[in-house]
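Asker: Mind looking over this structure? Questions follow.
The values are calculated or read from the model by the stated rules, or taken from the named source; none is laboratory data. Predicted model only: the values in this text are computed from it and were never measured. Ideal geometry is used to build each Cβ from the backbone, glycine not excepted, and the neighbour counts take in all protein chains shown. Calculation scope for accessible area: heavy atoms of the full protein, side chains included, ligands and nucleic acids excluded. Shrake-Rupley method; radii C 1.70, N 1.55, O 1.52, S 1.80 Å.
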Amino acid sequence: MRKGVPMKQTLGNKKVICLFVLPALTLFLLIVLFPIIMSAYYSLLDWDGIGEKVWIGIENYKTMFVENTDGFFQAIGNSILLVALSVFVQLPISLLLALVLANGVPGENFYRTVYFVPVILSTVVIGQLWTKIYQPEYGLLNTLLNGIGLDGLAHQWLADPKTALLSAFVPTVWQYIGYQMLIMYAGIKAIPTEIFESARIDGASGPRIAAKITIPLIKSTLTTCVIFAVIGSLKVFDIVYIMTKGGPMHASEVPSTVMYSAIFQRNQYGYGSAIAIFIVIECLIFTLIIQKAVQKENN
């Protein structure tokens, strides 16, 4: 028997394939699919999470979209703003850093590690760090503004409804620049070096190589980064809650903070579950839109 045939036969056995897939499939069903199904069920109930469940159909969804009084629509708008910041600010910065590092700058490994450090830090640490930066009396930002003579710009950044939202979004965008950069960097490094060498021999400059060769060849990687950025923005919770708790006056609410308040502060478990289902559906819709747009462009 030739070498490798038994392995081919094993991999071609459907029972063996099912056996290997079963653990991952089980975890997916228990951790992802089952909670979504249960949330969909809870969203049709009037329930405080402990007492008797009362079936009310789609009343929670009516409350969410028609009789809303908790800033839910403003929260949707805020999350869309974060999507725009992530796609049009975070990703371009990440792409620029990836292009520069992939060209083999001195200290490439060092800079790659430094840019990725915020990603591995605890979100609580990031939130507390930026809260101290924004602190109006001794915070780094106001101290810097006062030090360079721009006292008029010093502000209570997290306490003012006009600035709280963007102040909370800045660390969110900043934290994942390194994450997106590393994905793009890996995509660029996977391109054969012969392509770049041929372009340089033909006299192409660095920016032209990036625009005409590098970026088109990592289009699938960029699509993945866009999807990650959009989904991450739509379901953001931790940093916003740590820094502002959705305030002041719902100015920095996002759907997940409204959901948290409904479930854990007002004991509206059914209504909070309806918001959770909305977030899931919203992420799926945006993902499908992005994939369809990319497919249409490729065709």
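Asker: What are the residues whose amide H is under 5 Å from the amide H of Asp46, where those residues sit 5 or more places off or on another chain and H is modelled from the backbone?
Answerer: Val54, Trp55, Ile56
Asker: Using only the alpha carbons of region 19-99, determine the length spanned along each of the three principal axes and report them from longest to shortest in whole angstroms.
Answerer: Projected onto the principal axes, the Cα atoms of region 19-99 cover 57, 49, 19 Å.
Asker: Which value in deg cm²/dmol, rounded to the nearest 500, describes the helix-derived mean residue ellipticity at 222 nm for the chain, given -39,500 (n - 2.57) per DSSP H run of n ≥ 4 and division by the residue count?
Answerer: -19500 deg cm²/dmol
Asker: Also, quick follow-up: Roughly how much of Leu121 is accessible, in Å² to the nearest 10, using a 1.4 Å probe?
Answerer: Accessible area, nearest 10 Å²: 70 Å².
Asker: Still on this structure: Return the distance in nm (one decimal) between the two label points of a simple spin-label model at Ala154 and Asp202, each offset 7 Å from Cα along Cα→Cβ.
Answerer: Simple spin-label model gives 5.8 nm for this pair.
Asker: Over its Cα atoms, what ratio of radius of gyration to 2.2 N^0.38 Å does region 46-184 give?
Answerer: 1.44
Asker: Could you identify which residue out of Asn267, Asn109, Asn78 has the top mean-square fluctuation in a GNM of the chain using Cα springs shorter than 10 Å?
Answerer: Asn109
Asker: If you don't mind, there's one more thing I want to ask. When a/c is below 1.5 the answer is rounded, else prolate if a/b is larger than b/c, else oblate, so apply that to region 125-278 with a ≥ b ≥ c taken from the square roots of the Cα gyration tensor eigenvalues. Show your work: numbers first, answer last.
Answerer: On the way: a/c = 3.76, a/b = 1.56, b/c = 2.42.
Here region 125-278 falls in the oblate category.
Asker: Test of the criteria: in region 39-137, which GluC sites (Glu not before Pro) are in a DSSP loop and have at most 12 other Cβ atoms within 10 angstrom of their Cβ?
Answerer: Taking region 39-137 and a limit of 12 other Cβ atoms within 10 Å, the loop GluC sites (Glu not before Pro) found are Glu52, Glu67, Glu137.
Asker: Give me the orientation-averaged projected area of the Cα convex hull of region 108-202, in nm², one decimal.
Answerer: Mean shadow area of the hull around the Cα atoms is 9.6 nm².
Asker: Could you compute the net charge surrounding Gly270? Neighbours are other residues with a C-beta less than 9 Å from the C-beta of Gly270; K and R count +1, D and E count -1.
Answerer: It works out to a net charge of -2.
Asker: I would also like to ask the following. Per 10 Å bin, what percent of the C-alpha pairs of region 11-55 does each bin hold, from zero upward?
Answerer: Computed distribution, short to long bins: 25, 29, 23, 14, 10, 1.
Asker: Cα gyration tensor of region 101-156, axes a ≥ b ≥ c as square roots of the eigenvalues: rounded (a/c below 1.5), prolate (a/b > b/c) or oblate?
Answerer: Oblate is the answer for region 101-156, as a/c is 1.5 or above yet b/c matches or exceeds a/b.
Asker: Per 10 Å bin, what is the whole-percent P(r) computed from every C-alpha pair distance within region 204-299?
Answerer: Result, from short to long distances: 14, 31, 24, 18, 10, 2, 0 percent.
Asker: Show me the three semi-axes of the equivalent ellipsoid for the chain, from the C-alpha gyration tensor (sqrt of 5 times each eigenvalue), largest first, rounded to whole Å.
Answerer: Listed largest to smallest, the semi-axes of the chain are 38, 34, 17 Å.
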